[in-house]
Amino acid sequence: MTSYLDMVPLPKPDRSSTLPQVSVCTSAFGSTLILAQGQAASLDWIREAGADKVEIRRELLPTDFQAFDMLGAQCAEHSLGVIYSTADGLWNETRPAESVSRRLHEARALGAESIKFALGDYRGAGRDTWQALSVLFTDSGVPQILIENDQTSQGGSISAMTACLKDAEHAGCSLGMTFDIGNWQWCGASAQQAAERLGRHVRYVHCKGVSTDISGKCHARVPSDKDLCEWSTMFRHFPKDVMRAIEYPLQPTPPLAQDDMRHADLRYPLSDLPSITRREVERLRAITTTR
């Protein structure tokens, strides 16, 4: 029987220059596994796979979770940088969302080098609001603040994301972008067009392949070689060696009929996780950003 590791050829990264950093989202191991074992359980697999960073997901922590400093220390013990991901929107129309301060505090306790918010519902904000937000960002001590295009009509709008980042820039607020390649498809937007318009703001890239079932519903999957080739064109709009992340299911992906995707029960032994993860880390690291 053909194994997963035989299904996708391992590309040879260009080692003539500094290699881009790769992060692994803990959600890539599946919510069932992570909720059962905790996100710290994935750190051994991620480090053994040769990744540089881990993306800790707020939605996979208990609502009343407080041990951010302990979790951060565990990440540091594994020599993994931390990106803290929250699905909270940064904006509630013309004002920052109420949860922003709390999430920044959590990121600081975690020792995160970046925090990633969703865009939220941005309707424009005055210069004073932006300057107050900039002060909040600076005082938080979190080095990098990012907003991501999500799968909603508001947060997945190219025009809304462009407006937000332009307004931040004009107000002198340091705000970068997490560019989620697959999420644009959920919103019916062109990832290529988004890269052309937003590329200079991008500091972090979420990678995932996307398939649709017979009802038209999107599903994340392991990217194909064809996906990676198409992404290379997109990456040329981003800063050189931009950090990229695995945000797709790290599991065997045998061919499935589209109408079977929702019911697929794909399981694997935990001992295979480091090798499966390493394969994908190397595939993403090999994507060039040469213009």
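Read-outs throughout are calculated quantities, based only on the coordinates presented, and are distinct from any laboratory measurement. Keep in mind it's a predicted model, so treat the numbers as computed, not measured. Backbone-built Cβ (ideal geometry, glycine too); neighbour counts: all protein chains shown.
Between region 14-55 and region 163-189, what's the alpha-carbon centroid distance in Å?
So the two Cα centres are separated by 24 Å.
Specify which residue in the list 163, 81, 276 is farthest towards the positive end of the charge dipole of region 4-285, using unit charges on the beta carbon of Lys, Arg (+1) and Asp, Glu (-1), about the Cα centre.
Going by the Cα projections, it comes out as 163.
List the GluC sites (Glu not before Pro) in region 88-177 that DSSP assigns to loop (not H, G, I, E or B) and whose Cβ has at most 12 other Cβ atoms within 10 Å. Which are they?
Working: sites: 93, 98, 106, 113, 148, 169; in loops: 98, 113.
Answer by residue number: 98.
Which whole-Hz couplings ³J(HN,Hα) result when phi for each residue of region 90-99 is put into the Karplus expression 6.51 cos²θ - 1.76 cosθ + 1.60, θ = phi - 60°, listed in order with x for Gly and Pro?
6, 10, 10, 6, 9, 10, x, 5, 5, 7
Given the options 64, 88, 52, which has the most mean-square fluctuation in a GNM of the chain, springs set between C-alpha atoms less than 10 angstrom apart?
Looking only at 64, 88, 52, the biggest GNM fluctuation is shown by 64.
DSSP loop chymotrypsin sites (Phe, Trp or Tyr not before Pro) in region 50-94 with at most 15 other Cβ atoms within 10 Å of their Cβ, which ones? Before the final figure, lay out each step's value.
Numbers: sites: 65, 68, 84, 91; in loops: 65.
Qualifying residues, ordered by number: 65.
Which trypsin sites (Lys or Arg not before Pro) in region 55-161 pass both tests, a DSSP loop state and at most 16 other beta-carbon atoms within 10 Å? Present the calculation step by step, with values, prior to reporting the outcome.
Numbers: sites: 57, 58, 102, 103, 108, 116, 123, 127; in loops: 123.
Within region 55-161, the qualifying trypsin sites (Lys or Arg not before Pro) (loop, at most 16 other Cβ atoms within 10 Å) are 123.
Only residues of region 84-98 count here: report those whose backbone N is under 19 Å from the spot 7 Å along Cα→Cβ of residue 166, or say none.
Taking a point 7 Å out along Cα→Cβ of residue 166, the residues of region 84-98 whose backbone N falls under 19 Å are 91, 93-95.
Report, in deg cm²/dmol and to the nearest 500, the calculated mean residue ellipticity at 222 nm for the chain, where each DSSP H run with n ≥ 4 adds -39500 (n - 2.57) and the sum is divided by the residue count. Walk me through the intermediate numbers first.
Working: 11 runs with 102 residues, N = 291.
Computed mean residue ellipticity for the chain: -10000 deg cm²/dmol.
What is the magnitude of the charge dipole of region 4-285 about its Cα centre, with +1 placed on the Cβ of each Lys and Arg, -1 on the Cβ of each Asp and Glu, and no other charges, expressed in debye to the nearest 20? All intermediate terms of the calculation are to be shown ahead of the outcome.
Numbers: 30 positive and 36 negative charges, 116 e Å.
In total the dipole reaches around 560 debye.
For residue 123, list long-range residues whose amide hydrogen, built 1.01 Å from N in the peptide plane, is under 5 Å from its own amide hydrogen.
Answer set, sorted by chain and number: 93, 94.
Please report the equivalent ellipsoid semi-axes of the chain, computed as sqrt(5 x eigenvalue) of the Cα gyration tensor, largest first, in whole Å. If you can, show how the numbers build up before the last one.
Numbers: eigenvalues 174, 100, 71 Å².
Calculated on Cα positions only, the semi-axes equal 29, 22, 19 Å.
List nothing, just return the count: lysine pairs in the chain, 8 or more apart or interchain, with Cα separation under 23 Å.
Close lysine pairs found across the chain: 16.
Sum up the charges of everything whose Cβ sits under 12 Å from the Cβ of residue 80, counting Lys and Arg as +1 and Asp and Glu as -1, but leave residue 80 out.
Details: positive: 47, 53; negative: 44, 48, 52, 55, 77, 113.
Here the count lands on -4.
Tally Lys and Arg at +1 and Asp and Glu at -1 over the other residues with C-beta under 11 Å from the C-beta of residue 69: what net charge comes out?
On the way: positive: 108; negative: 106.
Its environment carries a net charge of 0.
Where is the GNM fluctuation largest for the chain (alpha-carbon springs, 10 angstrom cutoff): 270, 198, 60?
It is 270.
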